[in-house]
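Structure, as structure tokens:
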Amino acid sequence: MNTQKVISGFFIILAMTLNFGFFYGDIDNFAHHSPYELFATIVVNLIATVLKLGDKTQLGSVLLATSLVADIQLISAAIVWGISVYATSGGIQDSAQIIVSLSGGALMANVVSVILFMGDTLKSKR
Amino acid sequence: MHSSNILWIIIRRMRTPFIVIIVTFAITILGLVIIPGVDAQGRPYHMSFLDAFYFVTFMASTIGFGEIPYEFTYAQRLWVLFSIYIAVIGWFYAIGALVALIQDKQLIEQLRLAKFSRKIKDLKEPFVIILGYNSTTKELIHKLNEDGKRIIVIDKSQDKIDELELENFMPEVYALKANIDSPDSLKLAGITKRNCKAVVALFDNDFKNTKIALLVRLLNPKMNVIVKSSTKEQSEHLKNLGVKNFINPFNLVADRFHLALTAPNLWKLEMLLFQHKQYIKSYEELPKGKYIICGYGRMGKVLKEALDKAQLESVFIDLKSASYKVKKNSAIFGDAQDFKVLLEAGVKDASAIIAATKDDLINLTILLTAKKINPEIYTIARENTNDDITIFNSAKIDRAYIIEEVISEHVHRQISQPLAERFLKELYKQNDKWGLELSKTIRTTTGYNPELFEIRVVKPEAYALTDYLKKGGIVNLGLLARDLSDRNRRAKLVFLMVKNRKEEITLLPDDNYEVKVSDRFLIAATKEAKEDFELLVNNLNEFHYAISGEELNNWALSKILKKKES
């Protein structure tokens, strides 16, 4: 068993599942989207990104790229959330669609990342 | 390639610190958000993520703006207490890792490499790569640097590189610490670049030189490799590799020695080509009697050949410095037994003695001992390194062949003065009478210490002349040898050789020689005449004066004045 694979696989897949957990639900009903879940998604995504850093292979670079995409999308979602709560009068409901759809984009990137990761694992002969 | 290496090192070193920061921040933020607090009115509330992130950011970096947005409850304070320890430690750990990274040897090395390769990339002028920084190449670098040639040096020792950087060369000599015989470092030094003109390897170790020559041939087959080779076998190998420029210092010394024996006037001219000071005045001629050669090594053998060719009698004393030192446990020649050896070889009636062993101290003591027996004897020493030059000077040795200097002189000329190199080849074909006449001419026109320079008839080197020729003008060489203060006088210079576009050579061209574009001239001149000549061929006004005897009137004012006069 390769410990490094376990750890990186754990974080990559956890990033996707958490992302999905946040994304799933009515797009304009905020009862379905927990801020804690978004927070957890961001943290796990950041960890996954750092774990992917420094892999010199072609696949490593693409994995890193997907992670960076997910990071940008999720952090934008968090920023939109913060702005809508504190800096605008409209409140959270106005921005719900933007936040959820941003996290949906991040989910796509995470799915791609997991697929690449699985492909690499299946290809490996050890 | 190297900038990505730098990034790679940074990423690898910073991975753990990044994760530590992310995890500690995540834990502390989450705790703050979950633990309920009370607001100013005593109502329960939950900190938002923004507040928590803000708070943790200034807490972890120990800025500490205080408890926001409301004063904390004890439950919150307990959590913050815990948070301070993990977040601050995590933060400091990351900062520490970053500082350590800046001082990281590997990173510094990579940064240095990146800087070096950027410099090479930006270098647009022709340059020469010199491998190894030692006393031989040091001398060469000084000479080339004076000519304004760009040089790149590779040495495997950082101390040597530091030493080189302290020399303050202008223009800058780029130095790289790297393995000399690895293809990577040669490539990094720009061996595949078009403006790399030559690679020079002058190590004592012949195998090293051959290896480098082979490597260079493989990396860039057209490259001009100049290597030292001190044995026939090695030279044979190099020839098979297709290396044309190998320097055998012992053969060079022997050739010079032979020339000095048989044609002293030509030899004097050779000394002029090397710009040895006071070449014609004070060099005495070698005696024509019996020679004793001490040391039958690579140098002794070729000197013997030279003496045989000159039909002079010579005797050998077989003396090997290494075995001598072991046997006598001393590097000083001259005990009773040594006296006997010298006497047996006939020191008393010999006219010259040559000390040609590998050891400078033994060479010196041989000559001093010989002088004790026969004060009239002419002493010739092989001096292996430049460092001992003052000792040899103060010992009043009649003539010293400094191996390192011979090498650096030859390489310098090959790189910097190709015409002089060619002239020397022609010189060896002439007889001594020709040499006598030429050195007389040079002496009467330019004095004892002329400067030697090369000029090519192209716009960057001779603007006015090239311009005139391209417009269809015809210039005979005599017109260029004008004194600028009075064109009826001849400038103090001697044209030694012309090489035209078709690589044809004219030795000592006369005044009727018709100058063509891209001719190359080798000229001996006084310092003043050299400067004048360079002015003449470049400056339109001076050039006009030299060929026509009139001042060029291109000043509006002088034209007006002229009109008024008439």
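Quick notes on this one:
To keep it simple, each residue is scored yes or no on (1) at pLDDT 90 or above; (2) open to solvent by less than 60 Å² (accessible area, probe 1.4 Å); (3) of a type in the set (A, V, I, L, M).
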site	(1), (2), (3)
B:His2	no, yes, no
B:Ile6	no, yes, yes
B:Arg12	no, no, no
B:Arg15	no, no, no
B:Ala26	yes, yes, yes
B:Ile29	yes, yes, yes
B:Ile35	yes, yes, yes
B:Ala40	no, no, yes
B:Arg43	yes, no, no
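- Selection status of A:Thr57, more than 8 Å from every other protein chain (Cβ to nearest Cβ) and open to solvent by less than 30 Å² (accessible area, probe 1.4 Å): no
- Here A:Leu102 meets the list (1) open to solvent by less than 50 Å² (accessible area, probe 1.4 Å); (2) of a type in the set (A, V, I, L, M, F, W, C); (3) within 19 Å of A:Phe11 (Cβ to Cβ); (4) more than 14 Å from chain B (Cβ to nearest Cβ) almost entirely, failing just condition (3).
- So A:Ile42, is it surrounded by 23 or more Cβ atoms within 10 Å (Cβ to Cβ) and under 27 Å from B:Leu50 (Cβ atoms): yes
- Tallying residues that are touching a Phe, Trp or Tyr at 6+ places or on another chain (Cβ under 9 Å) and either open to solvent by 50 Å² or more (accessible area, probe 1.4 Å) or among the aliphatic types (A, V, I, L, M) (or both) within the range B:133-158 yields 7.
- Residue selected from the range A:81-96 under the condition under 24 Å from A:Thr17 (Cα atoms) and more than 12 Å from chain B (Cβ to nearest Cβ), by the criterion farthest from the chain's Cα centre (by Cα): A:Ser95
- The residue that is nearest to the other protein chains (Cβ to nearest Cβ), counting only those in the range B:50-74 that are open to solvent by 50 Å² or more (accessible area, probe 1.4 Å) and assigned to a helix (DSSP H, G or I), is B:Leu50.
- Members of the range A:1-28 that are more than 19 Å from A:Val112 (Cα to Cα) and of a type outside the set (A, V, I, L, M): A:Asn2, A:Thr3, A:Gln4, A:Gly25, A:Asp26, A:Asp28
Yes/no per residue for (1) open to solvent by less than 40 Å² (accessible area, probe 1.4 Å); (2) assigned to a loop (DSSP other than H, G, I, E, B); (3) in the same structural domain as B:Ile407 (by TED's automatic domain parsing):
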{"site": "B:Thr210", "(1), (2), (3)": "yes, no, no"}
{"site": "B:Leu215", "(1), (2), (3)": "yes, no, no"}
{"site": "B:Lys239", "(1), (2), (3)": "no, no, no"}
{"site": "B:Leu269", "(1), (2), (3)": "yes, no, yes"}
{"site": "B:Leu272", "(1), (2), (3)": "yes, no, yes"}
{"site": "B:Gln275", "(1), (2), (3)": "no, yes, yes"}
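- Some residue of the range A:69-76 being of a type in the set (S, T, N, Q), modelled with pLDDT of 90 or more and more than 10 Å from the chain's Cα centre (by Cα): yes
- Residue check for A:Leu63: hydrophobic (A, V, I, L, M, F, W, C), under 19 Å from the mean Cα position of the chain (by Cα) and surrounded by fewer than 23 Cβ atoms within 10 Å (Cβ to Cβ): no
The values are calculated or read from the model by the stated rules, or taken from the named source; none is laboratory data. The shown structure was predicted, so the numbers you read here are calculated from the model rather than taken from an experiment. Neighbour counts are summed over all protein chains in view; Cβ atoms, including those assigned to glycine, are modelled from backbone coordinates with ideal geometry. The accessibility values were calculated without ligands, DNA or RNA, using every heavy atom of the protein model including side chains. Shrake-Rupley method; radii C 1.70, N 1.55, O 1.52, S 1.80 Å.
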